[in-house]
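To start, the structure under review is shown below, and the notes come after it.
What follows draws every value from the coordinates through simple rules; no lab data is involved. Please read these numbers as outputs of a predicted model, since none were measured by experiment. Quick reminder, even Gly has a Cβ in these numbers, built from the backbone with ideal geometry, and neighbours come from all protein chains shown.
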Amino acid sequence: MIYGMKNHGIRLKPLSEESSEMLFYGRIFGSKDIFPRQFSEVSKKILKKCGGIPLAIITASGLLANKSENIKEWFKVCDSIGSGLGGNHVMDNMRKILLLSYYDLPFHLKTCLLYLSIFPEDYAINKTQLIWRWVAEGFVQQAGDQSLFEIGESYFNELLNRSLIQPAYMDMDGTPRACRLHDTVLDLVISLSIKEHFITTILGDGKHSLESKHQVRWLSLLNNNNTAWSVMKMPKLRSLTIFKPAGVAIDPITPTLSCYHLLRVLDLQGCNVEDLASLGLVGSLTHLRYLGLPSSSKRSAKLPIEIGKLRFLQTLDLSKAGVKEVPSSVITGLGRQLMCLRGLNDSGTDLPLDGLENLTSLEVLELATVTSKCIAKKLGHLTQLRVLHVIVRLYTPDDDEWSACTNALVESLGKLTRIESLQIQPLRFHPIDLDGSMAEPLENLSRLVCFDLTTLLPAWIQAASLPILSYLAIDVLHEQRDDIKVLGTLPCLRHLVFRVSLAPEMERCVVGPDAFPCLVSCEFLVRGGGVVPGLFPRGAMPRLQNFTFRVEPEHFRSGGGSTVDDLVLGHLPSLRSVTGILSFTHDLEDDTIKSVREKLELEAAAHPNHPLRILFNR
């Protein structure tokens, strides 16, 4: 049942028997055609009890996927659901399936799932924030050589695989950046949280699950203007999350925050304060592990120096605060416990020179500015970094200083052998050269973004240095003859965005038939239009599904270096989507444009998948 704006119910038609089987078997075995036939009888019984409801089928399949070789377990699940006959039994059965999935979870995953009742209905829960909160709460236990975040990420993926959470905001590689709870799952999780005295929620209408304020440990305030809670004595409170209505400041209640001495998590990112200075008392919360600061009404918000007293702080999230710089006393005070410093100011947040090298446990550093050679060199001490996003901003036009800084940055990157995701950009589109040398290959780097950045493709972007790179997005000013050939040798590259601002007339690059063996999607936005499908011989790009390229029809005129035969698509068997961006000037002959467009349409029509989308860019 879906409810519209006026709460009128719209009853959705259940899935057919065939569609139910395809969904059910596909999620467990990969295909309806390969499931073991001995499971046929029990499968039909389970599907009948699901009543064609997608959520029930998906949840049941997620539960059974871990029992795919044990038919006795399937019969136990089937017997536990119910008859599924008449009335509301289908909905009752869906709840039973959800309960079975919940009780089948190991203890740590039950805790992580119940924790999600903190968030509002239909809320997109940021994956990174959620995992760091789990870590701060102590839900994630160290095991082996994996970091706490990596273990927490495995918890997140397990809940996804069991269909208890839904992915949201997918990256190009199919990795979710957030998750949501289905309304039915959220209702169940909330009821279980109340039953287990786990999460206390106070809603905007005054309703709450508060039974005994002295027992409250995890408190969530959803769109609530009532400040009565702030004078309650909750001596055992260890987690406080506030989601305030837009424009409502929490300054009147900030002095009370220092009373909750056992707080491990304080998330105020759904709030607003007049001045971040009012949060200075937070520095007395010595047990705090996670701090998410609110937005501030002041244009140049300053971080309270008292935050430097939080010796056990693991995560400092400033993504809403708009802080311009982090004081040296804060960095020095937080020291070796800090693991995540993320979401800094969009134009970059200045880091102090003093104490930066002491953040030896730091795994995530986002949107920090590199303002000098010294800062660039000190980044090399942060050897635990997995995620690094820096903005290069020097307060000088001196080219030698820029060169010294970027050389130091590349040298530091070579020391960050654990790095998995790296993003570098200049401020105000000042091109920089990253063609320095690295001491070690970045063997763990899977994502690299260098937009509006480098004059040439850096020499360290090669197969030997980046053996598992799967996502690359890079802008260069000048293309060199072998750039495409070099990129084609990256063995694990799946997603590529390659933009060239100034592509001179040059000899055609020769790409081998083994180029881009794993590439699934690519964008070649090269001025001059030199990268077209015909550049890649049969055998190259065997897995390519999405292909975007720039076409400049003047290059297809007589003597232009290309012919319409370069627009062939038939040798790329996996294509699903082709976007040709036609860029041309007003004085170009209509016949040239027409011939280019007709060739693209002809090739798309002849391709088995009929992929084509043409965009015009004058």
With R₀ set to 22 angstrom, the calculated FRET efficiency between the beta-carbons of E121 and L281, to the nearest 0.05, is 0.10
When all Cα-Cα pair distances of the range 107-187 are considered, the percent exceeding 15 Å is 54
Along the dipole axis of the range 350-447 (charges at Cβ: +1 for Lys and Arg, -1 for Asp and Glu; origin at the Cα centre), the most positive-end residue among L385, T406, C374 is L385
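Where does each of W460, W134, W74 land when they are ranked from fewest to most other beta-carbon atoms within 10 angstrom?
W460, W74, W134
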In the neighbourhood of D79 defined by beta carbon distances under 12 Å, the net charge of the other residues (Lys, Arg +1; Asp, Glu -1) is +4
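All other residues with a Cβ under 9 Å from the Cβ of C518 taken together, and with Lys, Arg as +1 and Asp, Glu as -1, what is their net charge?
Local charge sum for C518: +2.
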Here the residues of the range 259-289 lying in the modelled label zone of S361, meaning backbone nitrogen under 14 Å from a point 7 Å along Cα-to-Cβ, are 287-289
Pseudo-spin-label distance R37 to R177, built 7 Å along Cα→Cβ, given in nm, is 4.8
Any chymotrypsin sites (Phe, Trp or Tyr not before Pro) in the range 349-431 that lie in a DSSP loop and have at most 15 other Cβ atoms within 10 Å would be Y395
If every Lys and Arg gets +1 and every Asp and Glu gets -1 at its Cβ, then about the Cα centre the range 375-425 yields a dipole, in debye to the nearest 20, of 400
Toy charge model, Lys and Arg Cβ at +1, Asp and Glu Cβ at -1: the range 301-386 dipole around Cα centroid in debye, rounded to 20, equals 120
Flagged as over-length at 25 Å C-alpha distance, from K373/K415; K49/K195; K110/K236; K110/K309; K244/K302, the pairs are K49/K195; K110/K309
The exposure ranking of T369, T396, fewest beta-carbon neighbours within 10 Å first, is T396, T369
